[in-house]
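None of the figures in this text is laboratory data; all of them are computed from the coordinates on show. Because the structure is predicted, anything quoted here is derived from the model rather than measured. All Cβ positions, even for glycine, are placed from backbone atoms using ideal geometry, and neighbour counts span all protein chains on display.
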Amino acid sequence: MPYSPLMVRPMKEELTSIGFEELLTPEDVDRWMGDTEGTAMLVINSVCGCAAGQARPGVRHALTNPARPERLATVFAGQEVEATARARGHFADIPPSSPSIALFKDGELVYFVPRHRIESRSAEQVAADLTAAFDRYFAAAAAR
Amino acid sequence: MGTFHDDKHELHGITVVVDTAGPEIWIGRCDDMDERQVVLLDADVHREGDGGRSKQQYLERAARFGVWKKYDRVRIERDGVVSVRRLGEL
């Protein structure tokens, strides 16, 4: 059973307020994933107290980096169940976990942060992990 | 940095690696742990040599991507456990 929309709203707004597109349906996911040009980040958000509390501020901080993804989207695990399943289907060889973060370049998954690499870290450490990946995979695109 | 449940072990909610003195190594989300047992949720188990992979090779992949759960909930006797570590710190 999905969570109460009232409960998850502030957790969603931490990302949508900084430009993340909320993908609510499998069709939304396919449309967003179907645009394979450029760089993109998909955050699988969740209510998980051990990890999501570090993931969202870590993502926000990472996006202040000069090199950063051009397109941002999010699905909410446990809330938009079908959309989350469809999103995970686009990187089906990776075990599902939430929260988690996927980085894409020209439609190809180039970096993935699973839940266990968030739950043991601070928001600053999550941000450092992401900014290193942004610099590695997105710097050339950001310079164009 | 787990969740704060006073009645649970500090690793509650954290993905851990439970290595045993035998061929088995477990990975799952710690529900609770005491002197008698470790309880894992959404757990996977690997046995030395399964699929041609050692425990170490299994751990290296798990540390990058996580694991596919085989069990919703397992209880592992502490007698045979040699270590419990956070997967995220490997």
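Just a few scattered comments:
- Largest GNM mean-square fluctuation among B:ASP72, B:ASP44, B:ASP31, using chain B with Cα springs under 10 Å: B:ASP72.
- Under Stokes-Einstein, with the Kirkwood radius over Cα pairs as Rh, the value for chain B at 4 °C and 1.567 mPa s is 99 µm²/s.
- Over 17 Å [Cα-Cα, segment B:18-67], rounded percent: 36
- Check: the protein assembly as shown dipole with +1 on Lys, Arg Cβ and -1 on Asp, Glu Cβ, in debye: 340
- Cβ crowding within 10 Å ranks A:SER46, B:SER54 as B:SER54, A:SER46, fewest other Cβ atoms first.
- Spin-label zone in segment A:19-45 - amide nitrogen under 14 Å from a point set 7 Å from the Cα of A:ASP106 along the C-beta vector: A:36-40
- Antiparallel DSSP beta bridges within the protein assembly as shown, percent to nearest 5: 80
- Whether segment A:1-42 is rounded, prolate or oblate, judged on the alpha carbon gyration tensor where a/c under 1.5 counts as rounded: oblate
- Ordering B:TYR71, B:GLN57, B:TRP26 by the projection of their Cα atoms onto the charge dipole of chain B, which places +1 on the Cβ of Lys and Arg and -1 on the Cβ of Asp and Glu, puts B:GLN57 at the extreme positive end.
- Once the Cβ-Cβ distance of A:GLU70 and A:LEU24 is raised to the sixth power relative to R0 = 22 Å, the FRET efficiency obtained is 0.55.
- Panel order for A:TYR3, B:TYR58, A:TYR111, by other beta carbons found within 10 Å of each beta carbon, from fewest to most: A:TYR3, A:TYR111, B:TYR58.
- Over segment A:49-90, volume per residue of the alpha carbon convex hull, in Å³: 88
- Cross-link reach list, lysines versus B:LYS8, counting only Cα pairs under 30 Å and skipping chain neighbours closer than eight places: A:LYS12, B:LYS55, B:LYS69, B:LYS70
- Inverse of mean 1/r across different Cα pairs in segment B:44-83, Kirkwood, Å: 11.5
- Cα gyration tensor shape for segment A:15-144, rounded if a/c is under 1.5, else prolate or oblate: oblate
- If R0 equals 45 Å, the separation of the Cβ atoms of B:VAL81 and A:ASP135 corresponds to a calculated FRET efficiency of about 0.65.
- Summarising the label geometry, the points placed 7 Å from Cα in the beta-carbon direction at B:GLU24 and B:ARG73 lie 1.7 nm from one another.
- Rg(Cα)/(2.2 N^0.38 Å) for the protein assembly as shown, N = residue count: 1.04
- Amide H contacts of A:GLU70 (H built 1.01 Å from N, in plane; Pro and chain starts excluded): A:THR39, A:ALA40 sit under 5 Å, all sequence-distant by 5 or more or on other chains.
- Remark: relative contact order (chain A) = 34 percent; criterion is Cα-Cα distance under 8 angstrom and separation of 6 or more residues.
- Cα principal axis extents for segment A:1-80, largest first, Å: 35, 29, 19
- Dipole magnitude of chain B about its Cα centre (Cβ charges: Lys, Arg +1; Asp, Glu -1), debye to nearest 20: 420
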